[in-house]
Every structure is written in C-alpha cells, then in structure tokens.
C-alpha cells in the first residue's frame, strides 16, 4: 500500500483520486426521494441525488461511491447535460433505520474529495433544505416502507388540493390504490387513476405517444373541463395531462 492509499484508507478514497480533487465542483445541497429507484420499489429504496458542474467530476464521484461503500445498491449519472449544464449523480440505498448513519459515512468520505463539511439535503418536493444531521434526517425522511407510503400520500394530497384551487369541487379523495375521486355539487362523483403530479415540462416529456384529437377524446377532455374547471387539458395516448401554471397532473380514465 503506497503512502497516498495509506493516508486515506479509512475514508474509502479510490486510487487515482486525490484529496480535494472535486473541490468546488459538487453542490453541497443534495435531494432525497426526488427521483424514482432503478433497483426496485421506491418505498424500499432511498434515492439520493448529488449535482456536479460537469460530466467528468460526476463520473468520478459515481465511481468513488459505487466502489467504496458496500451499502450502496447502485450509483449512476444522468444520461446527459441538464438544463443548467450540470449533471446529476444518483445513489440508491435501502430504506432502513440505518440510512442516516450510512449517509453520514458517505458524506464524510465525500468531504475528503470535495473539501465540504456543510452538507444540506431536501426531501422529495420540499422547497427548503435542511442541514444534514442524523437526527434531523431521521425526522424528515421516512425510513420504513410504511412511513414512506403514508408521508408520500399526505404530501401528494396537499399538492393535489393546491392544484385544483380554481375549481368548484367539494372534495378530492385519494385512496391507497391511487384512485382519485372528485365530488361536485349537484353531480355524481367521478374517479380516475392518479398517475403523477409535478412540474409541467417534466411530466409532459415523460408521457409517450401522440396527442389524441379524435371525437371521443375531445368529448372526454370537454367533460373534464366542465367538471374540474377550465384547466389546460390534453389527452396523450390513454392519459390526461392537466396543467395549472407550471404544475401538472397526469390522470388515467376510470369510471367516466
């Protein structure tokens, strides 16, 4: 073992990377559960996302993480340059009560590369970040499948309610099977399959298929406009994309 390897053997630095090689190229704010898992169900897997200013440091960090930590299930980078020119590094670990200490170990190792001791994280769609601390992390991020499903459902319900702030709906209910029911005065309820809610441009690009302009599709869009409100609605293959400003919801037809 050479002098360099011996100096950093406890911090899992890889051969070829030196201390502070990634200084000023990795953001200190990382996201949790913002992206879907490649390895399995999201309720069982925590997905961390770090951001790098360029592709090469993103690859270096990915390889450092993937080869240096046995608890990491998978590490990967975004397929291309993102809108702001940066690259994302995705890290997947098992969703357990051990995750806070595992992430602390990971960040300690990354600090050797990045010269960063002040890490911050943001869960799912939180608008504000938190200073990383094991206790704060455990209170913010659901660490069991059951807690993940419950917190995600609560978050999505609030987002859905905010999305339909201009409608005349009496109530909106989301069940455990992700069926969403809309109730309106003097009308029977309608239900649809809730697929996703998020940024309009992201959801629009995620849908595959063409815009449906046949008579039946136009009739269904017109019905939704009358029932839900005057939202920008398009049918793409078998899904309905509803827009409210820069936000969107994807629904699939159910009982109407």
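If you take the Cα centroid of the range 136-173 and the Cα centroid of the range 31-62, the two points sit 22 Å apart.
Under 8 Å for C-alpha pairs, at least 6 residues apart: give me the relative contact order for the range 205-256, rounded to a whole percent. Intermediate results must be reported in sequence, preceding the final value.
Numbers: 56 pairs, mean separation 14.5, N = 52.
Value for the range 205-256: 28 percent.
Divided by 2.2 N^0.38 Å, where N counts the residues, the Cα radius of gyration of the chain comes to 1.21.
Estimated translational diffusion coefficient (Stokes-Einstein, Kirkwood radius over Cα pairs, 20 °C, 1.002 mPa s) of the range 91-231: 115 µm² per second.
As a rough footprinting exposure proxy, the listed residues 208, 18 were ranked by other beta carbons within 10 Å of their own, and the order from fewest upward is 208, 18.
Provide the convex hull volume over Cα atoms per residue for the range 174-250, in Å³. Let's see the in-between values first.
Values: hull volume 7.8 nm³, N = 77.
Spread over its residues, the Cα hull of the range 174-250 gives 101 Å³ apiece.
When the helices in the chain are scored as -39500 (n - 2.57) per DSSP H run of 4 or longer and the sum is shared across all residues, what 222 nm value do you end up with, to the nearest 500 deg cm²/dmol?
After summing the helix terms and dividing by residue count, I get -10000 deg cm²/dmol.
From least to most packed, judged by other beta carbons within 10 angstrom and beginning with the fewest, 53, 91 follow the order 53, 91. Relative contact order of the chain, taken over Cα pairs closer than 8 Å and 6 or more residues apart, is 14 percent. Exposure proxy shown here: for 97, 72, 47, the number of other Cβ atoms within 10 Å sets the order, fewest to most, as 97, 72, 47.
To the nearest ten degrees, helix 215-228 and the longest principal axis of the Cα atoms of the chain are 80 degrees apart. Relative to the first principal axis of the alpha-carbon coordinates of the chain, what is the inclination of helix 55-68, with its axis defined by its Cα atoms, in degrees from 0 to 90 and to the nearest 10? Relative to the chain, helix 55-68 is tipped by roughly 70 degrees.
Taken together, the values in this text are just the output of simple stated rules run on the coordinates, not laboratory data. Please read all numbers here as calculations on a predicted model, not as lab measurements. Quick reminder, even Gly has a Cβ in these numbers, built from the backbone with ideal geometry, and neighbours come from all protein chains shown.
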